[in-house]
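See below for the structure under consideration.
The values are calculated or read from the model by the stated rules, or taken from the named source; none is laboratory data. Quick caveat, the model's predicted, so the values are computed rather than measured. In this analysis, Cβ positions are derived from the backbone assuming ideal geometry, glycine residues included, and neighbour counts consider all displayed protein chains. For the accessible areas, the whole protein counts, side chains as well, though only heavy atoms, and no ligand, DNA or RNA atoms are used. Shrake-Rupley method; radii C 1.70, N 1.55, O 1.52, S 1.80 Å.
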Amino acid sequence: MAASLRDPPFISSPSSSSCDTDDEGVRGTCEDASLCKRFAVSIGYWHDPYIQHLVRLTKERKAPEINRGYFARVHGVSQLLKAFLRKTECHCQILNLGAGMDTTFWKLKDEDLLPSKYFEVDFPMIVTRKLHNIKNKPLLSKPIIELHSEDMLQMDGHTLDSKRYAIIGADLRDLSELEEKLKKCNMNTQLPTLLITECVLVYMTPEQSTSLLKWAANTFETAMLINYEQVNMDDRFGQIMIENLRRRQCDLAGVETCKSLESQKERLLASGWETASAVDMMELYSRLPRAEVSRIESLEFLDEMELLEQLMQHYCLCWATKGGQELGLKEITC
């Protein structure tokens, strides 16, 4: 049933995910990432006035190498995203797949960089929690209402649909359901489209992630993909990461595609994308503006630079494009 964003209480409906129990470990990684970002923001790594309304502040300090890693991740994804928005002059749409508690929509609005429409997709249980926070936190709800020309926003337990922003509860492994729900929220396949997947594909089997990548390449004439996830996972450090996650009932089902930067690029090209690039996060960190690096490195003392390097060499940022020659999408880099 549709509900006004202004009218409490928010009542969630039962989860519709058929794999809900099996995916508990994966959903837990959303919580972990959210807490890490919240902590990094709290000590000044980057500015985000919205995350505090979606994520509690943990009492547990996060290690400096973790905070620097998240800074590089947020910086790298943002740099590519804003380059896409500039190339398309914001006449585009963004699909953030596995968005969790991400706050990009609000930050883009503040910077007057909103696309024609911004979509988020995640497990219904995560979406329910995010919608509850949006409905009960004016700092989150007011920007959505201001952009919406009608009195009523379409909202139920697993979906919010407004003129410029939509949140959808869906399983990314069920592409027919995903496409149906996106189209109900007025996804436009003719618009240049940016898809973002951060630590999402690795939790799918290679067959499932390939299907999603092919669907994206085939659905939109002009598109770009940003993917952040593990890389170089065949060495001892990578195996320890896999074992640690497995102990928490979280299996990296797609880890075989994370062998190298080359394997990351190859699967994108094999899925129908025309260009593919990839860089490990240590390389990206070395490219950061020196003033910013000096600022964040002054926030905390890092005892072992070698540990930071090891960690950053096991994550990568990949991006791929299809079409958009007239827009210069192939020129985008970070």
(message) I'd like the full set of residues that are part of a helix (DSSP H, G or I), open to solvent by 20 Å² or more (accessible area, probe 1.4 Å) and touching a His at 6+ places or on another chain (Cβ under 9 Å), limited to region 98-124.
(response) K107
(message) Between a residue in region 153-165 that is closer than 11 Å to T128 by Cβ and outside any strand (DSSP E or B) and any residue that is of a type in the set (A, V, I, L, M, F, W, C) and modelled with pLDDT of 95 or more, which pairs come within a Cβ distance under 7 Å, given they are 6 or more apart or on different chains?
(response) H158/V127
(message) Against the condition in a helix (DSSP H, G or I), touching a Gly at 6+ places or on another chain (Cβ under 9 Å) and open to solvent by less than 20 Å² (accessible area, probe 1.4 Å), how does L308 come out, does it pass?
(response) yes
(request) Looking only at region 64-83, decide whether some residue is in contact with a Lys or Arg (Cβ under 7 Å, 6 or more places away or on another chain), hydroxyl-bearing (S, T, Y) and either open to solvent by 40 Å² or more (accessible area, probe 1.4 Å) or more than 25 Å from G169 (Cα to Cα) (or both). (result) yes
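Any residue that is assigned to a helix (DSSP H, G or I), open to solvent by less than 30 Å² (accessible area, probe 1.4 Å) and among the small types (G, A, S) - is there at least one of those in region 222-233? Break it down stepwise before answering.
As a first pass, look at region 222-233 and keep what is assigned to a helix (DSSP H, G or I): none.
Scanning region 222-233, I find no residue that is assigned to a helix (DSSP H, G or I), open to solvent by less than 30 Å² (accessible area, probe 1.4 Å) and among the small types (G, A, S), so the answer is no.
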(message) The conditions are (1) without any contact (Cβ under 8 Å) to a residue 12 or more places away in the chain; (2) of a type in the set (A, V, I, L, M); (3) outside any helix (DSSP H, G or I), and L195 fails exactly one of them. Which is it?
(response) (1)
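Here is a list: L160, L147, L131, L139. Which entry is of a type outside the set (D, E, K, R), at pLDDT below 95 and either open to solvent by 20 Å² or more (accessible area, probe 1.4 Å) or more than 14 Å from the chain's Cα centre (by Cα) (or both)?
Step by step, each of L160, L147, L131, L139 is checked, and only L147 is of a type outside the set (D, E, K, R), at pLDDT below 95 and either open to solvent by 20 Å² or more (accessible area, probe 1.4 Å) or more than 14 Å from the chain's Cα centre (by Cα) (or both).
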(request) Check region 198-213 and report whether any residue there is open to solvent by 30 Å² or more (accessible area, probe 1.4 Å) and over 20 Å from the mean Cα position of the chain (by Cα). (result) yes
(request) Give region 293-330 a look and list any residue that's over 26 Å from D235 (Cβ atoms) and among the aromatic types (F, W, Y), or say none. (result) F301
